[in-house]
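Input: one structure, supplied below.
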Amino acid sequence: MIVARFQFEERHGILTPVYDGRPNFIKAEEVLVVASDYITQGSGLSVSDQEEVRLATLLSVRRGFCACTTVVDSSFEEESALVENKDSVIMQSVRIRCRGDIADGLVEALLCFGACSCSVEDAHYEDTNEQEIYSDGPVPWQSGGRQLWEASHITAIFPADLDVGESIAMASHSIGFNEMPHYVIELMEDQDWIDQLQGMFQPVEVAEGLWIIPKWSAPPDSMAVNVILDPGLAFGTGEHPTTRLCLQLLHQVVRGGERMLDYGTGSGILSIAALKMGASRAVGVDIDPMAITSARYNASLNDLEDDRLQVFLGSMGGADPVPSGAAYHPVYDNDMDESLDNKQTPDFDIVIANILFNPLVELSNRIANYARPGAFIGLSGILVEQVEQVQHTYACYLDNIQVTQDCGWACVSGTRRFSQ
């Protein structure tokens with residue numbers, strides 16, 4: 001057994017062995033173990049700190065067998081060369097395989113130890129062992145209620161100059177996972193990211209005469225209803241089936257002068273489309289502050305005045321985000337038979353809720369009561385297999401219920417009953 005003397009530094013709150021001036025770069029053939037009684041000589045470390053040092057060192061040694069090129073058993077020299085030949089590289093994309101029960105914790109730890117972003121997917125995606133897991137809505141990582149794939153792949157993006165091996169080792173150790181996950185690095189070279197983004201989004205006609213246009217593109221038909229968007233700021237670019245279904249419904253029901261509520265506004269695409277098709281006023285609500293910013297910005301791209309589209313920030317499980325009288329404009333709505341102060345319900349002509357299954361069901365009474373009797377209600381963000389329960393939930397509120405489908409997603413619509 002070879003025993004080596006190390007210096008230890010505190011890095012990210014963890015005692016880390018430093019070999020040859022670099023943290024965690026330890027040649028496995030040179031160091032097998034560091035005995036705890038050897039480290040204690042003159043160190044003044046407590047027993048718990050000694051154990052921390054021992055584990056950190058063992059983890060570092062293990063990492064020598066899992067350095068990061070496409071071959072798992074790469075050496076210290078190979079990884080060093082990979083790090084040094086990155087003149088044109090601006091990011092590192094790292095694919096990490098791990099068990100599903102630790103994936104969420106590892107993602108959080110990776111973000112603490114230098115990752116810019118992380119995503120998780122099935123390690124068997126697009127092969128015969130793929131697991132189909134659907135979520136009914138956002139579940140906090142800390143809740144323990146999330147279901148992930150038994151074998152998961154984490155894709156983490158790191159800066160070009162960061163030691164990925166050290167970050168993964170630290171992240172794994174911090175969550176009590178003392179085995180080094182297998183991982184592969186792909187170097188991302190610098191490129192024109194604006195061109196890349198613009199190439200992803202092209203003008204799309206979602207219904208006859210209704211186009212969604214990225215802000216950098218010229219409308220193919222200047223006489224059509226053209227909704228100008230800055231894609232990527234929030235959900236809603238016209239490409240997702242649920243957005244298309246809602247846009248197609250609006251294309252059918254907007255005749256001019258309607259007051260519309262966009263519940264879960266995202267990018268504001270539905271509100272903006274309704275206004276450009278002739279609705280007089282739209283109100284959008286969302287629980288994501290970025291969505292509020294996005295909707296306002298996209299409204300400005302379409303030259304819509306602030307008083308025609310109002311957006312409100314709600315909260316998960318919080319109070320009603322739509323103020324009383326929000327459907328009415330205090331200047332233009334001269335047909336009001338009562339003042340805004342006395343208006344107890346928003347009284348919209350069109351209510352669209354393109355959100356998720358659970359909130360659609362749990363908030364059914366609130367959503368339905370935004371609509372005046374006889375108003376049109378559209379409910380989307382649901383899978384085809386969830387339609388039956390949504391229909392059952394809203395049966396006491398809606399007449400003339402209809403269902404449309406697109407690529408496994410659905411939209412349930414109907415008219416608000418005059419008496420519940």
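Using the Karplus equation 6.51 cos²θ - 1.76 cosθ + 1.60 (θ = phi - 60°), what ³J(HN,Hα) coupling, rounded to whole Hz, does each residue of the stretch 104-110 give in order, writing x for Gly and Pro?
Those phi angles translate into 4, x, 5, 4, 4, 5, 4 Hz.
Label D406 and L301 with points 7 Å out from Cα along Cα→Cβ: what is the distance between them in nm?
1.8
Over the alpha carbons of the stretch 180-316, what is the largest minus smallest coordinate on each principal axis, giving the biggest first in Å?
Principal-axis extents of the Cα atoms in the stretch 180-316, largest first: 60, 39, 25 Å.
At 1.4 Å probe size, with every protein chain present, just tell me what the per residue accessible area of the stretch 342-407 comes to in Å². Provide the component values of the computation, followed by the final result.
Numbers: 2860 Å² over 66 residues.
Result: 43 Å² per residue.
Here is a follow-up. In what sequence, largest accessible area first, do R281, R366 appear using a 1.4 Å probe? Intermediate results must be reported in sequence, preceding the final value.
Numbers: R281 15, R366 65 Å².
My answer, sorted largest first, is R366, R281.
I want the local charge near N400. Using Cβ-Cβ distances under 13 Å, sum +1 for each Lys or Arg and -1 for each Asp or Glu among the other residues.
+1
Could you pull the accessible area for T155 with a 1.4 Å probe, rounded to 10 Å²?
Accessible area, nearest 10 Å²: 30 Å².
Return the distance in nm (one decimal) between the two label points of a simple spin-label model at N365 and D195, each offset 7 Å from Cα along Cα→Cβ.
Taking the two extended label points, one gets 5.7 nm.
Starting from the residue with the highest accessible area, list C98, C118 in decreasing order, probe 1.4 Å. Don't jump to the answer; show the numbers that get you there.
Working: C98 10, C118 40 Å².
From most exposed to least exposed: C118, C98.
Which loop GluC sites (Glu not before Pro) in the stretch 204-300, with loop taken from DSSP, have no more than 14 other Cβ atoms within 10 angstrom of their Cβ? Let's see the in-between values first.
On the way: sites: E205, E208, E239, E258; in loops: E208, E239, E258.
Sparse-neighbourhood loop GluC sites (Glu not before Pro): E208, E239.
Then there is this: With a 1.4 Å probe and all protein chains kept in place, how much accessible area does W211 have, in Å² rounded to the nearest 10?
Surface open to solvent at W211 totals about 40 Å².
The values are calculated or read from the model by the stated rules, or taken from the named source; none is laboratory data. Note that the structure is a prediction, hence the values are computed from the model and not measured. Note: ideal-geometry Cβ built from the backbone for every residue, glycine included; neighbour counts use all protein chains shown. Ligands, DNA and RNA are stripped out before the accessible areas are found, and what is left, the full protein with its side chains, is counted by its heavy atoms. Shrake-Rupley method; radii C 1.70, N 1.55, O 1.52, S 1.80 Å.
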